[in-house]
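The values are calculated or read from the model by the stated rules, or taken from the named source; none is laboratory data. Since this is a predicted model, take the numbers as computed values, not measurements. Positions of Cβ are backbone-derived with ideal geometry, glycine not excepted, and every protein chain shown enters the neighbour counts.
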Amino acid sequence: MKISALGETWLAASRDLQIRVTAPFALSVATGKTLMYDAAIRDFGSDKGMLLMSAWDSEKANAATEQGYGFSCLDGGAYDRESTIELLRDWSWAAKEPQPSWL
């Protein structure tokens with residue numbers, strides 16, 4: 001899968017904020033099917049992180065929840081540091097390591 005605009009936005013956030021992002025992200029489900037997400041944001045929202053999709057998909061939302069991830073449906077606009085930090089604060093820090101100083 002090609003990196004989407006949403007994935008590119010979060011890769012830019014990863015470089016700037018030093019957070020762990022995988023874009024795109026593949027999740028295997030019990031049926032053997034692989035679901036593709038625009039990005040996975042580690043350390044925020046839940047123990048496993050947040051899975052992002054640019055268009056609502058109930059199958060992807062359910063699969064994320066069933067496997068212990070949080071999920072969000074977002075636009076892939078240009079990276080904006082302050083709005084990204086605000087969103088990450090809303091999701092909350094979920095890692096055992098100390099949270100970043102900017103958070």
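Here are some notes:
- Filtering segment 4-35 to residues that are loosely packed, with under 15 Cβ neighbours inside 10 Å and assigned to a strand (DSSP E or B) leaves ALA26, SER28, THR34.
- Residue pairs meeting the criteria (Cβ under 7 Å; at least 6 apart or on separate chains; first farther than 9 Å from PHE44 by Cα, in segment 77-103; second surrounded by 10 or more Cβ atoms within 10 Å (Cβ to Cβ) and aromatic (Phe, Trp, Tyr)): ILE85/TRP102; GLN99/TRP93; LEU103/TRP93
- Evaluating GLY76 against the criteria (1) of a type outside the set (D, E, K, R); (2) under 13 Å from the mean Cα position of the chain (by Cα); (3) at pLDDT 95 or above leaves one unmet condition, (3).
- Looking only at residues of segment 43-91 that are polar (S, T, N, Q) and part of a helix (DSSP H, G or I), we find that the one that is surrounded by the most Cβ atoms within 10 Å (Cβ to Cβ) is THR84.
- Pairs are defined by a Cβ separation below 8 Å, a sequence spacing of at least 6 or placement on different chains, a first member in segment 62-74 that is closer than 15 Å to LEU6 by Cβ and in contact (Cβ under 8 Å) with a residue 12 or more places away in the chain, and a second member that is surrounded by fewer than 21 Cβ atoms within 10 Å (Cβ to Cβ) and among the polar types (S, T, N, Q); the pairs so defined are PHE71/THR65; CYS73/SER54; LEU74/SER54.
- Per this entry, MET1 is counted among residues that are surrounded by fewer than 18 Cβ atoms within 10 Å (Cβ to Cβ) and more than 18 Å from ALA78 (Cβ to Cβ).
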